[in-house]
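The values are calculated or read from the model by the stated rules, or taken from the named source; none is laboratory data. Predicted model only: the values in this text are computed from it and were never measured. Ideal geometry is used to build each Cβ from the backbone, glycine not excepted, and the neighbour counts take in all protein chains shown. Accessible surface is based on the protein model in full, side chains and every heavy atom, while ligands, DNA and RNA are left aside. Shrake-Rupley method; radii C 1.70, N 1.55, O 1.52, S 1.80 Å.
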Number of protein chains: 2
Amino acid sequence: MNLDHYPRGVLVPVLTPFQGDLTVDADRFVEHCRWLLAEGANGLAVFGTTSEANSLSIAERMNLLERLITHGVPPAVLMPGTGCCALPDSVALTRHAIEHNCFGVLMLPPFYYKGVSDDGLYASIAEIVQRVGDERLRIYLYHIPPMAGVGFALPLIERLLKDFPRIVVGIKDSSGDWKNTQALLESFPGFEVFPGSEMHLLDALRKGGAGCISATANVNVAAISRVIHERKGADADALQDAISRMRAAIQKFPMVAANKAILARIRDDSGWDVVRPPLRPLATEAKAQLFQALESLQFDFGRRVATV
Amino acid sequence: MNLDHYPRGVLVPVLTPFQGDLTVDADRFVEHCRWLLAEGANGLAVFGTTSEANSLSIAERMNLLERLITHGVPPAVLMPGTGCCALPDSVALTRHAIEHNCFGVLMLPPFYYKGVSDDGLYASIAEIVQRVGDERLRIYLYHIPPMAGVGFALPLIERLLKDFPRIVVGIKDSSGDWKNTQALLESFPGFEVFPGSEMHLLDALRKGGAGCISATANVNVAAISRVIHERKGADADALQDAISRMRAAIQKFPMVAANKAILARIRDDSGWDVVRPPLRPLATEAKAQLFQALESLQFDFGRRVATV
């Protein structure tokens, strides 16, 4: 795996901070993105599920992306989420990402209607490709049926790869089903497959996976990155076990709120605890349980403050 | 039931027509809305599931609403859907509806995140109420778990009614579960309950229901309206049976595409067959089966042309 080929490696679906009045906190966002890159993130998959992207307006997403870039985050590491329910929105966000030289976009299928046909999902992607009409477009499909209620099945991916071979280049597989990730890796050589969790990172890398795009990379990116760098070393499995245990402890709680709570403690900044409805912050008791679990796994809340 | 009290009775979740290039066809939309009112619709629940509202941008929804009103559709019959995934969008659409004097709004819960708490859904509605900050606001909750993946459970409704008694005034129940509709009717006297289908219209009316908001009212509103007007007459059950059979025949097919296909035939206008992805138009064979089923039920495609 060539780690210089962005955005392979660990990509972070960046948490989106809010002020107490629920407005977007662009300053905290930029600072967090810079910290993640300093900690070893290979790319930033801003505006994903962990980012509460679907709780943001289109204008808020565009403004945040522009802010990142004007504050020095290189667009070559950026893979913004741009898939919306409405075709005009997906086209507008995708065009905007390309105009700002982002490496690629992470594309949710339109997720309101359930039980839609693969033909309908194909048409959604095909319309976006055609309307955007830019050969720089690189689409990473975002497969997350537990949230979206619809997803990208293998025959649909095959059809997309056949018709848009240089445009549809990869997938984030957040099915939570390792068998699906395996099938993707085996069926489509060269297709960049990112599991949506670090739990099977080493397994995926050994089968040609591109890395991972994981919520918990918001608070544990250095350790996840080390698994990638040491993947051929004697310690690889032990390092994988450590990040898997950490992930398992965190995902017992609602992921966005849990990651925000951890980050609030790492940075000693309770401003990070704010989520937009329908999400809720962790209750005090849940937070205490989460922190206790992480401490028992030697999660170093303090070290990370020093690296900011 | 006082039918003069808008928008009780039959409300139509109006189909949204598109041009061949998938742009919104505002002229066909206005014409369809006027026809529905002429045919007996008591109100228009524009921008619902049947309207492909979540496939429209916020600007497209606002423009269509303004077009309707400037073309003489009275805002007192309008109940636009305004609930989106993103709080700023829901607030903007709701404010816009009130500023244009719409009777009420139909409010989907934020529908991207699944497994969210009632507390989070409560917070979503409460934030909208507070941010809109207008005593003219009338919210009809839109309960459609088969699509949205989240919904308004009875304890949540109870809490909303307690805290916003003059604002949260009704519900469209598209659960497809008559037991849920019954429980709503029995639990909250005075709360305006609209089943999302005409299948149990008479049952609902007899228990104090407000009417119905049904996709198939796009093509069968006169017959549905007659059930309401004749609900105490000797023919009521026979009229109900007739509209139930019609609904049953149509809902064997994807609802939006099926209704558009029927309307295209009624109006002899194939322009009505266009849907936005991820939906697809009915295939030729499915269309033939649908039409045959309706003809065997004496659905009069021709009469409706004459009433336009």
Exercise. Residues of the stretch B:153-176 being touching a helix residue (DSSP H, G or I) at 6+ places or on another chain (Cβ under 8 Å) and touching a residue at least 60 places away in the same chain (Cβ under 8 Å), which ones?
Worked result: B:174
For this session: Filter the stretch A:279-293 down to residues that are free of Cβ contacts under 8 Å to residues at least 40 places away in the same chain and assigned to a loop (DSSP other than H, G, I, E, B), then give me how many there are.
Result: 4
For this session: Please state which of the following conditions residue A:91 fails to meet, knowing it meets all the rest: (1) within 13 Å of chain B (Cβ to nearest Cβ); (2) closer than 15 Å to residue A:54 by Cβ.
Result: (2)
For this session: State whether one or more residues within the stretch B:3-14 are over 17 Å from residue B:224 (Cβ atoms), away from chain A (no Cβ under 14 Å) and at pLDDT below 95.
Result: yes
Exercise. Being small (Gly, Ala, Ser), part of a helix (DSSP H, G or I) and open to solvent by less than 10 Å² (accessible area, probe 1.4 Å), is that true of even one residue in the stretch A:28-46?
Worked result: no
For this session: Specify the residue that is nearest to the other protein chains (Cβ to nearest Cβ); the eligible residues are those in the stretch A:69-88 that are among the hydrophobic types (A, V, I, L, M, F, W, C) and buried (at least 24 other Cβ atoms within 10 Å of the Cβ).
Result: A:85
Problem set entry | Residue that is at pLDDT below 95, more than 19 Å from residue B:246 (Cα to Cα) and basic (Lys, Arg), where the choices are B:136, B:159, B:206, B:166 | B:166
Problem set entry | Which listed residue is open to solvent by 40 Å² or more (accessible area, probe 1.4 Å), within 14 Å of chain A (Cβ to nearest Cβ) and under 16 Å from the mean Cα position of the chain (by Cα), from B:147, B:199 | B:147
Exercise. Got a sec? Which of A:60, A:66 is open to solvent by 10 Å² or more (accessible area, probe 1.4 Å), part of a helix (DSSP H, G or I) and touching a strand residue (DSSP E or B) at 6+ places or on another chain (Cβ under 7 Å)?
Worked result: A:60
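Does the stretch A:258-272 hold any residues that are of a type in the set (Gly, Ala, Ser) and either touching a residue at least 60 places away in the same chain (Cβ under 8 Å) or surrounded by 21 or more Cβ atoms within 10 Å (Cβ to Cβ) (or both), and which are they?
A:258, A:261, A:271
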For this session: Mind listing just one residue for me: the one in the stretch A:94-121 that is at the interface with chain B (Cβ under 8 Å from one of its Cβ atoms) and touching a Lys or Arg at 6+ places or on another chain (Cβ under 7 Å) and, of those, surrounded by the most Cβ atoms within 10 Å (Cβ to Cβ)?
Result: A:120
